[in-house]
Amino acid sequence: MPPLVHGFDWPDRFVVGTVGEPGARTFFLQARAGKKIVSVAIEKEQAAALAEKIEEVLDGLMAEDGNPFSVPALPPAPLVDNAPLDQPVEEEFRAGAMSLGWDPTTAQMVIEAFPILVVEAEELETIDLDEVEPDEVLVVRIPVGSARAFSKRTREVVGAGRPICPLCSLPMDSDEHVCELPEGFR
């Protein structure tokens, strides 16, 4: 059966946001077009990697002779979105694999999120991963200005978590952080 595609070609909104307190946050990709809202759970590391890769692609496109796709160096002010996620946040699926592409015909970034594939250990040897189709997929296409704004917001959301201890590099849960220094520093 073909997968259910949650497609957003020019969404009204596409953001990364969180639910919960730092240290126990769940990250979401959320797309909205009109009344249609799709929220996909992702890992913090996936959000950070997506923002980084979007920036790399945009910077590469901007560096092309004459900046043919009019890629902005900074997010255009009207596209900056600091509002919380649209409510209610209902997880459609948890993303496993994600992909990022560029469509030069429409000058849009294409972001795809696929659900985590759950396979029984016994099936692992007999399954052909190239032939596995997901049950559903999120496909979002956004123009370069929106992509720049998405990346900026995502980096801010990722960075808004618990502070990192300068000694052990672990997140600090409170002012009573007990530093877990590596063996050579004790």
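Bear in mind these aren't lab numbers, they're just calculated from the coordinates by the rules spelled out. Nothing here was measured: the structure is a model prediction, and the numbers come from that model. For neighbour counting, all protein chains shown are included, and Cβ atoms are generated from backbone atoms with ideal geometry for every residue, glycine included.
Here is how the numbers come out for the structure above:
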read-out: Exposure proxy order (Cβ contacts within 10 Å, fewest to most) of K152, K35; value: K35, K152
read-out: Amide hydrogen neighbours beyond the local backbone of L170, cut-off 5 Å, H modeled; value: C165
read-out: Projected area averaged over orientations for the chain, convex hull of C-alpha atoms, nm²; value: 15.7 nm²
read-out: Alpha-carbon spread of the stretch 57-141, three principal axes, descending order, Å; value: 54, 36, 18
read-out: Within the chain, helix-based [θ] at 222 nm, where runs of 4 or more DSSP H residues each add -39,500 (n - 2.57), nearest 500; value: -6500 deg cm²/dmol
read-out: Exposed GluC sites (Glu not before Pro) absent - longest run of the chain, DSSP non-H/G/I/E/B, at most 10 other C-beta within 10 Å; value: 1-63
